[in-house]
Amino acid sequence: MRLPGEAIAAVDHGGSLGRARALFPDAPEPFVDLSTGINPHSYPLFDPPATAFTRLPEAARLAELLAAAAATYGAPSAANIVAGPGTQILLPRVASLVNAGRVLVLSPTYAEHARAAAIAGHVVAETTDFDALAEADVAILVNPNNPDGRIVSRERLLKLADAMKAKAGLLVVDEAFMDVGPCDASLAADAGHGGLVILRSFGKFFGLAGVRLGFALTDRATAARLESQLGPWAVAGPTLEYGIRALGDIAWQEAMRQQLSEDAARLDALFVRHGVPVAGGTSLFRYLDFGDAPGLFRALGRQGILLRHFAERPHTLRSGLPGSEDEWQRLDAALAGWAAKTDGSQNRIRA
């Protein structure tokens, strides 16, 4: 449990090649970074107009971005959406929508939610019991969940949102990976429900994490409140251009979902062939939960292949997708080397 005023440490995330080099200084480079859930096949890069860099972002372009996001995500209208420089910036502001109280986060999940709620002054605890979330002032969950891919149905979430709304509380649903999740589980169409904020990430599915773009979907009054906190020009000019084009490119999105599904199936088959059980995930990342997870992390790291490990759950790992045939072959060879040195006795999904 995190209490108000308690020191809030930075969270260790995947994606840091500096940390990878410190852990595995003798590993061959370049690293194959599988420690994130970011699409390795990014949306095609292009040169935004020069004015995107030289002028302050225009309100009209922001309006176009919000309209594109509403259409893509299925929100009621652009007025139900707030855009920010990544959902990370939005987290503490969303938590601050409710006066300091008790926050429950459905765990295990993305650690920044608990940290952001503590920054907002809440007493924060984690729970593995979905029903317990109704006891909080602010309930937070990730759907599909990171790192295990757990899905909570839309019906259960709306029932919880009703309970939160009735007591002036808030349900926060992070749909960062819903671009590759089951469409019928998304709450985007219910953004006007009240007592509810849905978060959507741009960078993960489109493979453009450095662009820094994220959205909060909610009722119009709450959206206006959040927008006023961010102030003008919250989204950079080049980011507006990338967001408008990528969100409007439905053909690319549909083709990419198919490719990611095929890649995830290929990754599962590769892991299983070398004795590594796959316990869950999404088509952007796979979740591993077995006895020799620490050994696999070290063995692959020494070969310059970085998985996401979790200090608080040492028997679990998350693997993103290789982005090229060379990366696939390096992973195959490293897994074969690890498998040759283990008898497989620990390579079982934990009960």
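The values are calculated or read from the model by the stated rules, or taken from the named source; none is laboratory data. Fair warning: this is a prediction, and the values are worked out from it, not measured in the lab. FYI the Cβ positions are ideal-geometry reconstructions off the backbone, even for glycines, and counts take in every protein chain you see. We work out accessible area using only protein heavy atoms, side chains counted, and drop any ligands, DNA or RNA first. Shrake-Rupley method; radii C 1.70, N 1.55, O 1.52, S 1.80 Å.
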Next item on the list: Identify the residue in the range 323-351 that is modelled with pLDDT of 85 or more and among the hydroxyl-bearing types (Ser, Thr, Tyr) and, among all such residues, is farthest from the chain's Cα centre (by Cα).
Entry: 342
Next item on the list: Any residue in the range 147-164 that's more than 26 Å from residue 320 (Cβ to Cβ) and in a loop (DSSP other than H, G, I, E, B): show its pairings with residues that are modelled with pLDDT of 95 or more and aliphatic (A, V, I, L, M) at Cβ separation under 7 Å, as long as the two are six or more apart or on different chains.
Entry: 153/185
Next item on the list: Scan 75, 60, 114, 52 and give me the residue that is in a helix (DSSP H, G or I) and touching a helix residue (DSSP H, G or I) at 6+ places or on another chain (Cβ under 7 Å).
Entry: 52
Checklist line | So residue 280, is it open to solvent by 20 Å² or more (accessible area, probe 1.4 Å) and on the phi > 0 side of the Ramachandran plot | finding: no
Checklist line | Hey, residue 255 open to solvent by 40 Å² or more (accessible area, probe 1.4 Å) and either in a helix (DSSP H, G or I) or in contact with a Gly (Cβ under 9 Å, 6 or more places away or on another chain) (or both) or not | finding: yes
Note to self: Which condition from (1) surrounded by fewer than 18 Cβ atoms within 10 Å (Cβ to Cβ); (2) touching a residue at least 60 places away in the same chain (Cβ under 8 Å) is the one that residue 169 breaks?
What the structure shows: (1)
Next item on the list: Would you confirm whether any residue within the range 92-108 is open to solvent by less than 30 Å² (accessible area, probe 1.4 Å), out of contact with any Lys or Arg (no Cβ under 8 Å at 6 or more places or on another chain), touching a residue at least 40 places away in the same chain (Cβ under 8 Å) and charged (D, E, K, R)?
Entry: no
Checklist line | Test: residue in the range 198-216 that is farther than 27 Å from residue 42 by Cβ and in contact with a strand residue (DSSP E or B) (Cβ under 6 Å, 6 or more places away or on another chain) | finding: no
Item checked: Lone qualifier among 89, 38 - being part of a loop (DSSP other than H, G, I, E, B) and either open to solvent by less than 60 Å² (accessible area, probe 1.4 Å) or among the hydrophobic types (A, V, I, L, M, F, W, C) (or both) -> 38
